[in-house]
Each structure stands twice: as structure tokens, then as C-alpha cells.
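Colleague: Below are the C-alpha cells for one structure; questions will follow.
The values are calculated or read from the model by the stated rules, or taken from the named source; none is laboratory data. No experiment lies behind these values; they were computed from the predicted model shown. Virtual Cβ from ideal backbone geometry, glycine too; neighbours counted across all protein chains shown.
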Amino acid sequence: DSVFAHVVKAPEDPILGVTIAYNKDPSPVKLNLGVGAYRTEEGKPLVLNVVRRAEQLLINDRQAKLSVLVSRVKEYLPIVGLAEFNKLSAKLMFGEDSPAIRKNRVTTVQCLSGTGSLRVGGEFLARHYHQKTIYIPQPTWGNHPKVFTLAGLSVKTYRYYDPATRGLNFKGLLEDLDSAPSGAIVLLHACAHNPTGVDPTPEQWEKIRQLMRSRKLMPFFDSAYQGFASGSLDVDAQAVRMFVADGGECLVAQSYAKNMGLYGERVGALSIVCNAADVASRVESQLKLVIRPMYSNPPIHGASIVATILRDKNMFNEWTVELKAMADRIITMRQKLFDALRARGTPGDWSHIIKQIGMFTFTGLNKEQVAFMTKEYHIYMTSDGRISMAGLSSKTVPHLADAIHAAVT
Ligand code: PLP
């Protein structure tokens with residue numbers, strides 16, 4: 001008898017489980033709107049041209065003086081990853097002329113995409129920060145509570161989404177942050193809040209900043225969609241930069257999964273902005289002690305691709321054009337779905353489809369309606385009614401609109 005015989009079967013991950021169910025469905029009209037990965041109009045995954053070019057350079061270029069070419073020799077990276085990648089990632093997030101970077105107040109370490117950056121940041125806070133409670137928005141990305149609990153923090157929620165308006169519950173958010181214990185950590189989505197697609201306005205961000213600074217709350221930004229929400233890297237970094245501009249401290253987890261389409265390369269970065277250079281340097285020394293026993297050092301290939309693109313003006317520009325094209329296609333899908341529901345006279349106000357931003361629409365469809373759409377129309381999505389707009393195309397919009405129409409009438 002196996003010594004593991006008592007192990008019970010665990011449930012599938014609620015997001016990745018959608019794809020598993022989709023893969024099993026033989027229907028030719030099936031549609032996967034579950035997982036947050038970009039697809040082309042033809043429904044295919046996309047490798048950016050600029051990424052292909054960077055990979056060619058990494059393979060072919062004989063000028064081994066470029067530090068990024070370590071990818072070719074497959075050596076270990078340092079514990080904190082590729083130095084040039086870290087420097088360029090911080091600039092991308094905080095801005096070319098960021099005083100925090102200039103004063104060496106920022107430490108940036110390469111981590112395993114957004115998730116790994118959140119986990120390393122969480123474990124660092126659990127070890128070295130006086131407050132062990134992190135407030136996450138209600139709702140939020142399903143992995144947040146698990147990542148932070150396992151990192152050793154205690155997770156609480158703050159009000160964020162108002163189902164009645166399908167918008168931000170700004171009053172509830174301010175009340176909850178105001179009554180959080182002094183010093184508590186607050187997880188903020190830098191842009192394109194997942195799953196709701198609802199972001200605070202710049203004015204609301206400013207109010208949040210003032211309240212958090214006066215209550216000494218520690219901002220921990222999750223930036224998984226920089227450039228993907230609005231099509232502009234700078235616009236999507238605005239909230240983070242507001243908090244850095246006031247001279248205060250914060251953490252930022254960055255992912256290149258969506259904005260460079262490097263999902264499987266697991267490339268991201270954790271930055272900790274400190275109020276002085278000597279603090280930042282000591283913080284980095286402790287981050288190494290978090291990382292070393294966890295995975296020793298990060299993978300080399302994805303970081304080499306990113307550094308190759310970010311360091312070269314031409315390639316950087318080419319990237320921004322391709323990134324904007326992805327963002328624009330998603331925005332077009334919003335309009336098409338909205339128009340299709342209008343054309344069908346589907347009951348209800350669907351304007352949130354065009355108001356929400358980023359990869360997802362939080363449709364407002366309930367669990368039963370989602371189950372109906374999966375059963376009758378072979379459309380797969382998470383049971384909270386979140387659909388990935390990136391999984392949609394001009395060809396599949398009518399099918400989705402028919403399904404939504406049938407589900408609500
Ligand atoms: N944070 C949010 C809000 C996300 O939506 C995602 C991906 O779906 C991530 C973090 C992490 O993604 P990754 O670890 O692939 O960078």
C-alpha cells in the first residue's frame with residue numbers, strides 16, 4: 001500500500017481549471033475566455049516580432065561584450081538576477097528620470113514573473129516588516145490570498161468593487177483603509193485591476209495616496225499589465241509613480257508575461273523603494289537570503305530578451321508599437337461586444353464593458369448564467385463572470401453575444 005494512499009485529490013486551480021475543462025470539450029464552436037493570455041484575431045498565441053528579433057541577436061551576436069549575451073552560454077545568474085535587466089526594469093516602472101533611482105533608493109531584483117515577485121516581496125515583509133497584515137482588494141486575483149498567506153502574512157480584504165454600479169466602491173475603500181491598523185500593508189493593482197477592470201481615477205489615486213501616507217500604510221503594487229491597459233507604458237505606471245514621487249517607501253512587483261508576451265519565460269522584478277540608499281542596500285542583502293533557499297537564482301533567457309529590448313532605442317520603440325496594437329485590439333473587442341449586445345436588445349446596461357480597462361471584463365453574469373453559457377454555448381470562463389477580452393475575436397463576438405443574450409433573458 002502506498003504511504004501516500006491517504007492523499008486526497010486537490011481541486012483544480014479555479015482559473016487554470018477552466019482551460020482543462022475547455023480542452024476536454026470536442027465542440028468546434030468552443031471558446032476559452034478563462035485564462036488571461038493574449039490571442040490574435042485568429043485565436044492564436046502571439047510571439048512579438050521584437051522578441052523574435054531579440055532572440056536572434058542573443059543567438060547570433062558574436063560581440064560577447066554585451067552582458068545580456070550570457071543567455072548564450074547558459075551560466076548561472078547571480079541570486080538577484082541580471083543586473084542590466086534590473087536597472088532597466090526599474091526605469092521602465094519609475095520613469096527615466098526618477099529621483100528615487102538616481103539617489104539609489106531603489107533595490108530591484110529579478111524574480112519569477114509577477115507571482116514570484118509577489119512571493120519574494122511577501123516573504124521579505126514577513127521577516128523584516130513590523131506589520132504582518134496585508135489588505136487585498138475584494139475581489140482580487142485568486143492567487144493573491146494564497147501567495148501572501150504562504151509568505152507568512154495574514155490576509156484581510158478592503159472593499160473595492162460595487163456590484164450595483166459595476167464600478168469602484170471608493171467610499172468603502174477609503175473607510176476600510178482608514179480603519180486598518182497603522183503600518184498595515186496594502187496590495188494595490190497598479191492598473192487594469194483583475195478581475196474587475198475597474199481602476200481608480202488619478203484624482204481618486206491621489207486621495208488614496210494621501211490617506212495611506214497619513215495612516216502609514218505600506219503600498220505593495222502589483223503591476224502585471226503595464227502598457228497593456230491603456231497602450232501607454234507611462235500612463236499605466238502613473239499610480240505607482242505618484243506614490244514614489246512623495247518620497248515614501250513602497251514595493252512593486254512587475255511582470256513581463258502580458259506586456260512582452262513572455263508568459264512561460266517567467267520574467268519579472270521586485271522593486272523595494274526605500275527612503276535612503278544605505279537602507280536599500282541592506283534590504284537587497286536580505287532579499288538574497290529570501291531567494292537563495294527558495295530557487296537559488298532566476299532563469300536567464302527571458303531576462304536577456306527583456307534587457308536586449310529595453311536597452312536599445314529602436315527595439316524599445318518597436319515594442320511599444322506592438323504593445324499598443326495588443327491593447328487596441330482588446331479595446332476594439334470591448335466595443336464590438338457592447339455593440340453586439342445592443343443590436344440584440346439584450347436587457348440591462350452593458351456600458352461597463354467599454355468602461356472597464358485591461359484584459360478582462362467583469363460581466364456581472366452570475367454562476368448559474370456562466371454554467372448555462374458553458375453547457376449550451378461551450379463558452380468557458382471563471383464562475384465569477386470574468387471574461388478575457390484578449391481571447392475574443394471579431395469572428396467569435398456574435399457567438400458570445402448570443403450566449404449572454406440567452407443567459408439573461
Ligand atoms: N497579478 C495579477 C493581478 C495577475 O493578473 C497576474 C496574472 O494573471 C499576475 C499577477 C502574475 O502573472 P505572472 O506570474 O504570470 O507574471
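Colleague: Do we have any residue at all in the stretch 140-154 that's more than 17 Å from Ala269 (Cα to Cα), touching a Ser or Thr at 6+ places or on another chain (Cβ under 9 Å) and part of a strand (DSSP E or B)?
Modeller: yes
Colleague: Exactly one condition in (1) within 14 Å of the ligand (Cβ to nearest atom); (2) crowded, with 22+ Cβ neighbours inside 10 Å is false for Pro145; which is it?
Modeller: For Pro145, the failing item is (2).
Colleague: Exactly one condition in (1) surrounded by 23 or more Cβ atoms within 10 Å (Cβ to Cβ); (2) away from the ligand (no atom under 14 Å from the Cβ); (3) at positive phi is false for Thr108; which is it?
Modeller: Failed condition: (3).
Colleague: What are the residues in the stretch 221-244 that are closer than 28 Å to Ser182 by Cβ and either outside any helix (DSSP H, G or I) or without any contact (Cβ under 8 Å) to a residue 12 or more places away in the chain (or both), if any?
Modeller: Result: Phe221, Asp222, Ser223.
Colleague: Which condition does Ile305 not pass, out of (1) within 16 Å of the ligand (Cβ to nearest atom); (2) closer than 24 Å to Asn104 by Cβ; (3) of a type in the set (Val, Ile, Thr), if it passes all the others?
Modeller: Going through the list (1) within 16 Å of the ligand (Cβ to nearest atom); (2) closer than 24 Å to Asn104 by Cβ; (3) of a type in the set (Val, Ile, Thr), Ile305 breaks only (2).
Colleague: With Leu289, Leu262 as the choices, which residue is within 16 Å of the ligand (Cβ to nearest atom) and within 17 Å of Cys111 (Cα to Cα)?
Modeller: Step by step, each of Leu289, Leu262 is checked, and only Leu262 is within 16 Å of the ligand (Cβ to nearest atom) and within 17 Å of Cys111 (Cα to Cα).
Colleague: OK, next. So which of Phe338, Phe372 ends up being over 30 Å from Leu125 (Cβ atoms), in contact with a Phe, Trp or Tyr (Cβ under 6 Å, 6 or more places away or on another chain) and of a type in the set (A, V, I, L, M, F, W, C)? Outline the logic, then answer.
Modeller: Details: Phe372 fails: in contact with a Phe, Trp or Tyr (Cβ under 6 Å, 6 or more places away or on another chain).
Every option except Phe338 fails the conditions.
Colleague: For the stretch 165-220, which residues satisfy the criterion of being more than 21 Å from the chain's Cα centre (by Cα), of a type in the set (Lys, Arg) and either part of a helix (DSSP H, G or I) or within 16 Å of the ligand (Cβ to nearest atom) (or both)?
Modeller: Selection gives Lys171, Lys207, Arg213.
Colleague: Taking the stretch 245-268 only, how many residues are of a type in the set (Gly, Ala, Ser), closer than 30 Å to Leu46 by Cβ and surrounded by fewer than 22 Cβ atoms within 10 Å (Cβ to Cβ)?
Modeller: Residues flagged as of a type in the set (Gly, Ala, Ser), closer than 30 Å to Leu46 by Cβ and surrounded by fewer than 22 Cβ atoms within 10 Å (Cβ to Cβ) within the stretch 245-268 amount to 2.
Colleague: Suppose the filter is out of contact with any helix residue (DSSP H, G or I) (no Cβ under 9 Å at 6 or more places or on another chain) and surrounded by fewer than 20 Cβ atoms within 10 Å (Cβ to Cβ); does Lys207 pass it? Full working, then the answer.
Modeller: Values: out of contact with any helix residue (DSSP H, G or I) (no Cβ under 9 Å at 6 or more places or on another chain): no; surrounded by fewer than 20 Cβ atoms within 10 Å (Cβ to Cβ): yes.
Judged against the criteria, Lys207 is not a match.
Colleague: Return yes when Ser271 is within 11 Å of the ligand (Cβ to nearest atom), buried (at least 16 other Cβ atoms within 10 Å of the Cβ) and among the small types (Gly, Ala, Ser) and no when it is not.
Modeller: When the stated conditions are applied, Ser271 does not pass them.
Colleague: Can you find even one residue in the stretch 229-244 that is of a type in the set (Ser, Thr, Tyr) and within 15 Å of the ligand (Cβ to nearest atom)?
Modeller: no
Colleague: Yes or no: the stretch 117-137 includes at least one residue that is away from the ligand (no atom under 16 Å from the Cβ), within 20 Å of Val267 (Cα to Cα) and either part of a loop (DSSP other than H, G, I, E, B) or out of contact with any strand residue (DSSP E or B) (no Cβ under 7 Å at 6 or more places or on another chain) (or both). Walk me through it before giving the result.
Modeller: Here is the first cut: in the stretch 117-137, the residues away from the ligand (no atom under 16 Å from the Cβ) are 124-133.
Remaining after also requiring within 20 Å of Val267 (Cα to Cα): 124.
Of the ones still in play, those that are also either part of a loop (DSSP other than H, G, I, E, B) or out of contact with any strand residue (DSSP E or B) (no Cβ under 7 Å at 6 or more places or on another chain) (or both) are 124.
Looking through the stretch 117-137, at least one residue is away from the ligand (no atom under 16 Å from the Cβ), within 20 Å of Val267 (Cα to Cα) and either part of a loop (DSSP other than H, G, I, E, B) or out of contact with any strand residue (DSSP E or B) (no Cβ under 7 Å at 6 or more places or on another chain) (or both).
Colleague: Can you find, within the stretch 84-112, the residue that is farthest from Gln286 (Cα to Cα) among those that are outside any helix (DSSP H, G or I) and aliphatic (A, V, I, L, M)? Full working, then the answer.
Modeller: Step one: of the stretch 84-112, the residues outside any helix (DSSP H, G or I) are 95-98, 103-112.
From what is left, the residues that are aliphatic (A, V, I, L, M) are 106, 109, 112.
Working: Val106: 14, Val109: 11, Leu112: 18 Å.
Restricting to residues being outside any helix (DSSP H, G or I) and aliphatic (A, V, I, L, M), the top hit is Leu112.
Colleague: Can you tell me which of (1) away from the ligand (no atom under 16 Å from the Cβ); (2) charged (D, E, K, R); (3) modelled with pLDDT of 95 or more is the one Glu55 doesn't meet?
Modeller: (3)
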